[in-house]
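All remarks here apply to the structure that follows.
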Amino acid sequence: MAIPLVNLKRQHTVLCNEIHAAMAEVVSRGDYILGESVQKFEQEFAKYCKAKHCIGVSNGLDAITLTLKGLGIGQGDEVITQANTFIATALGIYHAGATPVLVDHDPNTYNLDPTRLVSAITPKTKAILPVHLYGQPAQIDIIRAIADEHGLLVIEDAAQAHGARFHGNRCGSLGHAACFSFYPGKNLGALGDGGAVVTDDDELANWLRMARNYGARSKYEHVIAGFNNRLDTIQAAVLRVKLQHLDTWNTTRRQHAARYMDILENSDVVLPTTIENVEHVYHLFVVRCGNRDEVLEALKVEEIFAGVHYPQPIHTQEALRRSCSVPHRLTNTASFCDELLSLPLCPFITGREIDTVAAIVSRVAKPAKTSTFQVS
Ligand SMILES: *Cc1c(COP(=O)(O)O)cnc(C)c1O
């Protein structure tokens, strides 16, 4: 049987009845737009993140764009992020009107390298937007200390880190605001698009609630030139069901990651490393090897679908090439992307499937050329 990167079918088989009941409730109530399920999900997710507000929006990209706009960040401003993330992180900055400033990543964690920050800060810098990439929290204590020193905001891209913790605190409560995506394949995913902003900032929360809904303070009273960026009520109902399972799923993800690591320990791949005092939620299980495409092919022959996150860094993408600022050479970003390999992992993969994948990877993979300890 084929092994997909993420097995959503199994998840939905297990939750089928619960999800149908939740959807049916919305249909019978008829509150399709900003209905009761949206409010309830917002309360539950804010509480889960230990934050004051959650504002449901249409997707993760819009969460980033709106958050920056709401904080007054736009034309002429710079926002620092990393070059090895999904393009939405940088597009959010771009669509807010600001310039994405791309720095290199830490060779051990793939997260933003805080030692690269200070030299990337200019008088135009307004915020730092670290990504909790692959499900591991960014080095937020150091990032926040630098931000505080320079009067900058920290906004989390938490699209891959629902439920992850840094020093006991959940992603979503680590910066001024956090942007989540509920794209189906995320650790907490809807059955379509969805997103949210989580924050303690009353003013930002207020602005976002209006901005996502045509700028309306009350019906037909429009105080800002807003958008239609609402979280769908049926998706919110689905998310309420799934939120109850998130912690269990994340624990299972960690167990699956541990099983991969046990088997692959003596292989030639570079395994993921976790910094101290964080709870990684393994949105992706990413290894490195020197013959990545060969391994991908060997897996594909057996109908095992691994992935690459991400094959092309943002500063070389045609869409943003001319719109980003790159203050220093992105040595790690450039050299690692040919070696990255995401192995199938989700709460519903079986131990035997992991064993099958790991056996092929062990047999085929050759050592990576990039060193984890390289100084760029
Ligand atoms: C998925 C993702 C996004 C975008 O989310 P969408 O809901 O697809 O718009 C943003 N940032 C990161 C790091 C992501 O993985």
Report task. Using the Kyte-Doolittle scale, find the helices of the chain whose mean hydropathy is at least -1.0 and whose Cα atoms extend 18 Å or more along the helix's long axis, counting only whole DSSP H runs. Result -> 8-29, 36-49, 246-264, 351-364
**Report entry** Cut-off 11 Å between beta-carbons: net charge of the residues surrounding E156, Lys and Arg +1, Asp and Glu -1
**Finding:** +1
Query raised in the report: In whole Å, what are the Cα extents of segment 246-364 along the three principal axes, biggest one first?
Result: 46, 35, 25
Requested in this report: Return P(r) of segment 56-183 (all Cα-Cα pairs; 10 Å bins starting at 0; whole %; ordered from short to long distances).
Outcome: 15, 51, 32, 2
Requested in this report: Measure out, as a whole number of angstrom, how far apart the alpha-carbon centroids of segment 42-73 and segment 176-251 sit.
Outcome: 6 Å
**Report entry** Difference of contour (0.36 nm per residue) and Cα-Cα distance, K52 to D200
**Finding:** 52.8 nm
Query - Low-density loop cleavage sites - trypsin sites (Lys or Arg not before Pro) in segment 102-199, where at most 13 other Cβ are within 10 Å (DSSP) - result: K124
Query raised in the report: Mind ordering 134-140, 256-262 by average Cβ neighbours within 10 Å, highest first?
Result: 134-140, 256-262
Query raised in the report: If you keep only loop residues by DSSP, which chymotrypsin sites (Phe, Trp or Tyr not before Pro) in segment 22-72 have at most 13 other Cβ atoms within 10 Å of their Cβ?
Result: Y32
Report summary line: Taking only the alpha carbons of the chain, the radius of gyration and the largest Cα-Cα distance, Dmax, both in angstrom, are 20.5, 65
Query raised in the report: Comparing T67, T233, T251, which has the greatest mean-square fluctuation in the GNM of the chain with Cα pairs linked when under 10 Å apart?
Result: T251
Report task. Would you mind calculating the gained length between E297 and S119 on full extension (0.36 nm times residue separation, minus the Cα-Cα distance), in nm to one decimal? Result -> 60.0 nm
Query - Probe 1.4 Å, accessible area per residue of segment 246-364, Å² - result: 46 Å²
Query raised in the report: How far, in nm, would the chain grow between E44 and N169 when pulled straight, counting 0.36 nm per residue and subtracting the alpha carbon separation?
Result: 43.4 nm
Requested in this report: Let me know the charge dipole size of the chain about its Cα centre in debye, to the nearest 20, where only the beta-carbon of Lys, Arg (+1) and Asp, Glu (-1) is charged.
Outcome: 380 debye
Query raised in the report: Anyone know which of P272, P344, P123 comes out most mobile in the 10 Å Cα GNM of the chain?
Result: P123
Requested in this report: Give me the distance in nm between label points sitting 7 Å out from Cα along the Cα-to-Cβ direction at R363 and E149, one decimal.
Outcome: 5.2 nm
Query raised in the report: Okay, helix-only estimate at 222 nm for the chain: each DSSP H run of n ≥ 4 adds -39500 (n - 2.57), divide by all residues, round to 500 deg cm²/dmol; what do you get?
Result: -11500 deg cm²/dmol
Query raised in the report: Spin-label point model (7 Å from Cα, Cβ direction): what's the K9 to V308 distance in nm?
Result: 2.6 nm
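The values are calculated or read from the model by the stated rules, or taken from the named source; none is laboratory data. Given the structure is predicted, the values throughout are model-derived calculations rather than measurements. Quick reminder, even Gly has a Cβ in these numbers, built from the backbone with ideal geometry, and neighbours come from all protein chains shown. Just so you know, the surface numbers come from the protein's heavy atoms only, side chains and all, with ligands and any DNA or RNA stripped out. Shrake-Rupley method; radii C 1.70, N 1.55, O 1.52, S 1.80 Å.
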